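The values are calculated or read from the model by the stated rules, or taken from the named source; none is laboratory data. Quantities reported herein were computed from a predicted structural model and do not represent experimental measurements. Here the Cβ positions follow ideal geometry from the backbone for every residue, glycine too, while neighbour counts run over all protein chains shown. Just so you know, the surface numbers come from the protein's heavy atoms only, side chains and all, with ligands and any DNA or RNA stripped out. Shrake-Rupley method; radii C 1.70, N 1.55, O 1.52, S 1.80 Å.
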Amino acid sequence: MNLTLTVNGAEHSLDVPANTLLVELLRTRLRLTGTHVGCDTSQCGACTVHLDGCAVKACTVLAAQAQGRSVTTIEGIGRPNGTRNGSPDDLHPMQAAFRDCHALQCGFCTPGMILRAMELVESGGTLDNRTVREGLEGNICRCAGYHNIVKAVLAAGDAMQEQSR
Amino acid sequence: MHPFNYHKPSTLAEAVALHQGAEDPAYLSGGHTLLPTMTQRLAAPSDLIDLEGLTELIGIAVDNGTLSIGAFTRHAEVAASTEVQSALPALAELAEGIGDAQVRNRGTIGGSLANSDPAADYPAAVLALNAVIHTDRRQIPADGYFRGLFETALEADEVITRVDFAIPSRAAYEKFPNPASRYATVGVMVADFNGTVRVGVTGAGPCACRADAFEAALSARFDPAALDDAELPAIDFNSDLHASAEYRVHLVRVMAQRATARLASL
Ligand SMILES: Cc1cc2nc3c(=O)[nH]c(=O)nc-3n(C[C@H](O)[C@H](O)[C@H](O)COP(=O)(O)OP(=O)(O)OC[C@H]3O[C@@H](n4cnc5c(N)ncnc54)[C@H](O)[C@@H]3O)c2cc1C
Ligand code: FES
Ligand code: FES
């Protein structure tokens, strides 16, 4: 089937089999391998991307369901390609906070954590230890533990609010 | 995942016609039950008929003591809806407690009710709030809807279009979530309609059910203690890796008492 969608700001028109998952389209066809597959069955959240601004598990969305929509992956959140200079300023504030707070070890869960955490902060509710832990219920980390992840999201929450002022 | 044909009909009639003409079709709503089943190769439909965008399945409205929710409404939309929050806060809270944020951004009320997972949350509300399930061809009252494990009154090609909930004077939902999936190990909704109480239970048996003796006890005296000796629903209690039947028996009473206590203390 023919599919048109926007990924990280660029429009793509592709021919894909109907049984293509969004995560397969991103990783295999578009080579955006920052989106990870941990479980394939909507348990772990490693595959989380934004679909029209909402955090979704891309292993449980058909590529066909993204027809005409806009997808953002971990590759699309920092400074745009071509304007990066290799400095920490290339990073989105959420990425910078994960780095500063040592919120990752192997990094496998990190892209999904970051995309969901961004939605959580942008939704504008109160951020505290409890709301962040509940907000990240759908993302599993098997090595860093959650303590520093929560710290990073709270720090990024402050930084992002500062930035939008 | 096995190959299939994907269809995106633009009218309800077209969706049903596609279903009737296909070999082994399935409707696709939020996909958060169906797609994991397919990626695990437990299901291999020949045709997927996507219900997104069908206008008959969209919208939330309050009218004359009834809260009406379109089948394609996602859990996150129910949780965030100001109409639901003011007319039936217990239902907004229930929706906010389903799975996790990403699941709530995709899963829909129609998909949840068509699927009738024994541990799903909405079924408890459908029974406690005396809901009516509207389909493309008829209206099904809550009490005749749940038939057994993953079994409902729906015909194979029937589409849920919306669910009408009766708005009670007060209601509360208490669930004991499975710590990993957040599905209800047991969930109980207690709804008070001016002194007549309805109690919907999910997670306990093969499908959601009402707790008749609890309803009678609470209608006579709205107090958690009224449930101390009330008889449990006569069902085969589930027993699995997460909780034994004995534990679920215990949880049904405790969740009902907690819901009652919350309302009684207001
Ligand atoms: C990790 C995870 C955690 C979850 N936790 C919970 C939880 O805590 N509580 C809970 O209640 N649920 C939970 N769920 C289930 C979730 O709520 C599902 O989204 C829901 O059960 C199915 O809705 P859907 O829209 O995704 O339906 P789909 O998966 O699209 O469809 C499910 C079934 O219903 C049929 N169908 C869909 N819509 C209609 C319609 N309008 N008319 C007729 N048939 C239709 C489909 O053909 C299919 O057979 C969880 C799911 C996941 C993946
Ligand atoms: S790979 Fe999608 S949730 Fe685990
Ligand atoms: S950092 Fe390794 S899984 Fe989270």
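The relative contact order of region B:55-166, computed from alpha carbon pairs under 8 Å that lie at least 6 residues apart in sequence, is 28 percent.
The B-A contact accounts for roughly 2000 square angstrom of buried accessible surface, both chains included, probe 1.4 angstrom.
For chain A, take the longest principal axis of its alpha carbons; what is the angle in degrees between that and the long axis of helix A:147-164, to the nearest 10 within 0 to 90? Long axis of A:147-164 versus the principal axis of chain A: about 80 degrees. I'd like the distance between the alpha-carbon centres of region B:212-266 and region B:56-99, rounded to an integer number of Å. First find each Cα centre; the distance between them is then 25 Å.
With a cut-off of at most 14 other beta carbons within 10 Å, and DSSP calling the residue loop, which GluC sites (Glu not before Pro) in region B:155-190 qualify? Please list them.
B:E155
Near B:A216, once Lys and Arg are set to +1 and Asp and Glu to -1 for all other residues with Cβ below 15 Å from its Cβ, the sum equals -3.
If I require 24 Å or longer along the helix axis, counting alpha carbons, and a Kyte-Doolittle average no lower than -0.5, what helices from chain B are left? Use full DSSP H segments.
Numbers: long enough: B:245-264 (28 Å, 0.04).
Span-like helices, by this rule, are B:245-264.
Shown for region B:146-191: residues covered by the partner protein chains by 20 Å² or more of accessible area relative to the chain by itself (probe radius 1.4 Å), namely B:R182. Rolling a 1.4 Å probe across all protein chains gives B:Y183 an accessible area of roughly 90 Å².
Karplus-derived 3J(HN,Hα) values for region B:171-187, using 6.51 cos²θ - 1.76 cosθ + 1.60 with θ = phi - 60°, are 7, 8, 10, 10, 10, 9, x, 4, x, 8, 8, 6, 4, 7, 5, 8, x Hz; glycine and proline are entered as x.
Rounded to 0.05, the FRET efficiency of the B:N5 and B:T196 pair, given R0 = 35 Å and the Cβ-Cβ distance, is 0.10. Using the rule -39500 (n - 2.57) for each DSSP H run of four or more residues, divided by the residues of chain B, the 222 nm mean residue ellipticity is -8500 deg cm²/dmol.
Averaged over the residues of peptide A:118-126, the number of Cβ atoms from other protein chains lying within 10 Å of each residue's Cβ is 1.
What is the local net charge at B:A101, summed over the other residues whose Cβ is closer than 14 Å to its Cβ (Lys, Arg +1; Asp, Glu -1)?
On the way: positive: A:K57, A:R116, A:R133, B:R74, B:R104, B:R106, B:R182; negative: A:E119, A:E122, A:E134, A:E137, B:E77, B:E96, B:D100.
Neighbour charge sum, excluding B:A101 itself: 0.
What accessible area per residue, rounded to a whole number of Å², is obtained for region A:23-122 using a probe radius of 1.4 Å?
On the way: 4050 Å² over 100 residues.
In whole numbers, region A:23-122 has 40 Å² accessible per residue.
Over all orientations, region B:48-91 has a Cα convex hull whose mean projected area works out to 3.5 square nanometres. Dipole magnitude for region A:1-102: about 60 debye, using +1 per Lys or Arg Cβ and -1 per Asp or Glu Cβ, origin at the Cα centre. Scalar couplings 3J(HN,Hα) for region A:10-25, obtained by applying the Karplus form with A = 6.51, B = -1.76, C = 1.60 to θ = phi - 60°, are 9, 7, 10, 10, 9, 9, 10, x, 4, 8, 7, 7, 4, 5, 5, 4 Hz; x denotes Gly and Pro. How large is Rg/Rh for region B:96-201, to two decimals, with Cα atoms and a Kirkwood Rh? Computed over Cα atoms, the ratio is 0.96.
Calculated from the alpha-carbon coordinates, chain B shows an Rg and a Dmax of 18.2, 57 Å respectively. For region B:102-122, a decrease in accessible area of 40 Å² or greater in the assembled protein chains relative to the isolated chain, with a 1.4 Å probe, applies to B:Q102, B:N105, B:R106.
Near A:L14: Cβ cut-off under 13 Å, other residues only, Lys/Arg at +1 and Asp/Glu at -1. The net charge is -1. Between the residues A:A156, A:P93, A:A144, the greatest Cα displacement towards the positive end of the dipole of region A:86-164, with unit charges on the Cβ of Lys, Arg, Asp and Glu, is found for A:A144.
When the trypsin sites (Lys or Arg not before Pro) in region A:1-55 are filtered for DSSP coil states and for at most 12 other beta-carbon atoms within 10 Å of their beta-carbon, the remaining sites are A:R31. Based on DSSP H segments of at least four residues, each scored -39500 (n - 2.57), chain A has a per-residue ellipticity at 222 nm of -8500 deg cm²/dmol. Using C-alpha pairs below 8 Å separated by at least 6 residues, the relative contact order for region A:86-160 is 50 percent.
Over all residues in A:51-63, what is the mean tally of Cβ atoms on other chains that come within 10 Å of each residue's Cβ?
On the way: counts 2, 1, 1, 7, 7, 8, 8, 1, 3, 13, 7, 9, 1.
Per-residue shielding by partner chains comes out at 5.
Here the contact order of chain B, divided by its residue count and restricted to Cα pairs under 8 Å and six or more residues apart, works out to 15 percent. Using a cut-off of under 16 Å, list every residue of region A:119-144 whose amide N is near the label point 7 Å from the Cα of A:Q163 along the Cα-to-beta-carbon line. The answer is A:119-124. Look at where the Cα atoms of region A:23-102 and of region B:154-193 average out, and the two centres are 33 Å apart. Taking a virtual spin label 7 Å from the Cα of A:T6 along the C-beta vector, which residues in region A:42-56 bring their backbone nitrogen under 11 Å of it? A:52-53, by backbone N distance to the label point.
Remark: mean inter-chain Cβ contacts per residue of A:8-18 equal 1, using a 10 Å Cβ-Cβ cutoff to other protein chain atoms. Altogether, the Stokes-Einstein calculation at 25 °C and 0.890 mPa s, with the Kirkwood radius of chain A over Cα pairs as Rh, returns a diffusion coefficient of 152 µm²/s. Placing unit charges on the Cβ atoms only, positive for Lys and Arg and negative for Asp and Glu, gives the protein assembly as shown a dipole magnitude near 1020 debye about its Cα centre.
Take chain B and mark each of the trypsin sites (Lys or Arg not before Pro) that is in a DSSP loop with at most 14 other Cβ atoms within 10 Å; the longest unmarked stretch, sites excluded, is B:42-136.
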